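Asks: This is the structure I have questions about; it appears just below.
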Amino acid sequence: MNRNTPPPSKLKKRLTVVDFLLYGAVALFIFYAVYRVNDVLVYHWNWSKVLGFLVKFDDESEAWVSNLLLQGLWTTLRLALWATVLATVFGIVMGYWRTCKNLTLRIISRTYVELIRNMPPVVFIFIFYFFVSSQIFPALGIEDIDSEGAFASSAMFHFMFGDPQLFSNFLAGMLCLALFEGAYITEIVRAGIQSTEKGQWEAARAIGLSPFNVLRDIVIPQAVRKILPPLAGQFITLIKDSAIISLISIQELTFVATEVAATTTRVFETWILVGFMYFILCYSFALLFAHLERRAKRSQR
Amino acid sequence: MSDNKIGTPLVEITGLSKWYGDFSALYDINLTVSSGEKVVVCGPSGSGKSTMIRCINQLEEHQVGTIFVDGREVKPGMKNIEEVRRDVGMVFQSFNLFPHLSVVDNLTIGPMRNKGISKAEATEIAMHFLERVHIAEQADKYPPQLSGGQQQRVAIARALCLKPKIMLFDEPTSALDPEMIAGVLDIMIELAEDGMTMICVTHEMGFARKVADRIVFMDEGEIVEVAEPETFFNNPSTDRSKLFLSQLLGH
């Protein structure tokens, strides 16, 4: 051996007996579940009925258009995207306030976080829906937006917010979700800001940067790298939590799924399909975030 | 030993006291540093040396007493403290370079944000000072890629980019490997020879002997003795400074 000898190769990882036993157990369980459903429950699978709710052939335009379930999925996506944007804004502002010296700002942000974190989401959503959206929206005149108006009836509006006639309904659901997830993002942002070393704040102040520049140029760029993983997790949680919004009759995926399950009576097929749709949605975002994280790490060096 | 003429008072500290909770960290500090003067602050750890110089740019807030920097009073909660800080360069024990910015960006961010000058102009200033600390070839690297000594030299250059009237050094060599210390001290000596006003908290007594106009000895939050280096090292006037020197130089 000399200096130029390559390092010894790593041992290959092999599957052991324990691994095979585990695979066997999982396979057995699946087999048993299928057996129960087929032979004991005597359940007759009928996927075509449910799949028909994904897309339908529209006789008028003579083209395939999305049916209830896919429309629900689009609504879920729109809800989740807008709520993510809004929740991030809440999270950044409130998260910063949590770290401020000013007592009033700290009280406001702390109250917001504690109120939401210590209440079941369903309860919060009902309170929000019956007070805010049924009392305040009419007062603000949001109910009266002209669904035939130039902007509201434009394709752009439809693409971004869905059916204009359901806009106030959509807005209520979106706000609800954003407020709810914003509280969790607040805590992530606070942790990120506070995780920046004291020395970084001091050095930034010592070169005479204004408080705003200290945050924008020094603290936030370093915090963002640290909070990217928990933030990504929270965004995916937000997509899943959007299912709760179905309780206030927002016509997102879970809401339409209950309707489809009821009208078709194909409960198993509907929920398995909807579960699969959620999985695809969330998993693709997880992959996207993992990719972004890797890129952030690379640029950090 | 400095030949540079010593001018008007740049930092005037009068009756300064500070507490952390009930603990008295600083008590009745009086110190005036004139422009061009080099003052070395020494004393046992926990004696309030760092706290004192950190009050000058208000990284620490004092409770009693007054501090004037170049004729402006600095006090807790004041507005425009940034303007004072731009006149006061500071070098920390742990460097505190911004790890997400390249070396040159560490230097340009201050002038660009504070004075609104262009990136090109700021880069020109930055490269000038990087050359001065003999590290221009590392401009595009990131701080974690540099050795401790290199990082500290970048930190000195970062402070100089704001063309400060006074430089504060807070134990600049304490976190360095022994072989890195000389490089940083050399830069500080060059800076002193160029006439920069400096207050250095350091245990480097060789540096103190060579550069200081005055030595300030602190213990338990008070200034115990102020003397010229020769007097301080050869003939300290208090028991506490004698004890400190014997511990520091005794072995």
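Read-outs throughout are calculated quantities, based only on the coordinates presented, and are distinct from any laboratory measurement. Since this is a predicted model, take the numbers as computed values, not measurements. Glycine gets a Cβ as well: all are built from the backbone with ideal geometry, and neighbour counts include every protein chain shown.
Asks: Looking only at A:Pro211, A:Pro164, A:Pro138, which one moves most when chain A is put into a Gaussian network model with springs between Cα atoms under 10 Å?
Replies: Residue with maximal mean-square fluctuation among A:Pro211, A:Pro164, A:Pro138: A:Pro211.
Asks: Another question, if that's okay. Calculate I(q)/I(0) for the protein assembly as shown by the Debye formula, one identical point scatterer on each C-alpha and no solvent, and give its log10 at q = 0.05, 0.09, 0.10 Å⁻¹ to two decimals.
Replies: Each listed q corresponds, in turn, to -0.37, -0.86, -0.95.
Asks: Where does helix B:148-160 land angle-wise versus the long Cα axis of chain B, in degrees 0 to 90, nearest 10?
Replies: Once rounded, one gets 90 degrees.
Asks: Still on this structure, I have one more. Can you tell me the length gained on complete extension of the stretch B:Asn235 to B:Lys79, counting 0.36 nm per residue apart and subtracting the Cα distance?
Replies: Value of the extension gain: 51.7 nm.
Asks: Out of the trypsin sites (Lys or Arg not before Pro) in region A:1-75, which ones are loop residues according to DSSP with at most 15 other C-beta atoms within 10 Å?
Replies: A:Arg3, A:Lys10, A:Lys12, A:Lys13, A:Arg14
Asks: Looking at chain B, I'd like the Rg to Rh ratio, where Rg is from alpha-carbon atoms and Rh is Kirkwood's inverse mean 1/r.
Replies: Radius of gyration over Kirkwood radius for chain B works out to 0.96.
Asks: Taking other Cβ within 10 Å of each residue's Cβ, how do A:Thr254, A:Thr264 sort, fewest first?
Replies: A:Thr264, A:Thr254
Asks: How much FRET efficiency would the formula 1/(1 + (r/R0)^6) give for A:Ala63 and A:Leu140, where r is the Cβ-Cβ distance and R0 is 35 Å, rounded to 0.05?
Replies: 0.35
Asks: Arrange the following residues from fewest to most other Cβ atoms within 10 Å of their Cβ: B:Asp219, B:Asp194, B:Asp22, A:Asp163.
Replies: Least to most surrounded, the residues fall as B:Asp22, B:Asp194, A:Asp163, B:Asp219.
Asks: Another question, if that's okay. Please pull out the direction-averaged projected area of chain A, using the convex hull of its alpha-carbon atoms, in nm² to one decimal place.
Replies: 27.7 nm²
Asks: If you build a Gaussian network model of chain A, linking Cα atoms that sit under 10 Å apart, which residue out of A:Thr16, A:Thr265, A:Thr237 swings the most?
Replies: A:Thr16
Asks: May I ask for the angle, rounded to the nearest 10°, between helix B:119-132 and the longest principal axis of chain B, with both axes built from Cα atoms and the value confined to 0 to 90°?
Replies: That helix lies at roughly 50 degrees to the long axis.
Asks: How about B:Lys141: which lysines have a C-alpha closer than 29 Å to its C-alpha, ignoring those fewer than 8 places off in the same chain?
Replies: A:Lys198, A:Lys226, A:Lys297, B:Lys115, B:Lys119, B:Lys163, B:Lys165
Asks: For a quick check of your reading of the filter: which trypsin sites (Lys or Arg not before Pro) in region B:70-156 sit in a DSSP loop and have no more than 16 other Cβ atoms within 10 Å?
Replies: Values: sites: B:Arg72, B:Lys79, B:Arg85, B:Arg86, B:Arg113, B:Lys115, B:Lys119, B:Arg132, B:Lys141, B:Arg153; in loops: B:Lys79, B:Arg86, B:Lys141.
In loop regions of region B:70-156 (DSSP not H, G, I, E or B), the sparsely surrounded trypsin sites (Lys or Arg not before Pro) are B:Lys79, B:Lys141.
Asks: Ranked by Cβ crowding within 10 angstrom, fewest neighbours first, how are A:Ile272, B:Ile223 ordered?
Replies: Ascending Cβ contact count within 10 Å gives the list A:Ile272, B:Ile223.
Asks: Using a Förster radius of 25 Å, what is the FRET efficiency between B:Lys163 and B:Ser34 based on their Cβ-Cβ separation? Nearest 0.05, please. Before the final figure, lay out each step's value.
Replies: Working: r = 19 Å, r/R0 = 0.75.
Efficiency, from the Cβ-Cβ distance: 0.85.
Asks: Still on this structure: If the viscosity is 0.890 mPa s and the temperature 25 °C, what translational diffusion coefficient in µm²/s does Stokes-Einstein give for region A:1-67 when Rh comes from Kirkwood over Cα pairs? Can you show the working numbers first?
Replies: Values: Rh = 18.2 Å.
The calculation lands on 135 µm²/s.
Asks: Which trypsin sites (Lys or Arg not before Pro) in region A:74-107 pass both tests, a DSSP loop state and at most 11 other beta-carbon atoms within 10 Å?
Replies: Answer in residue order: A:Lys101.
Asks: Where q = 0.24 Å⁻¹, what log10 of I(q)/I(0) comes from the Debye formula for region A:216-292, counting one point per Cα?
Replies: Log10 of I(q)/I(0), two decimals: -1.07.
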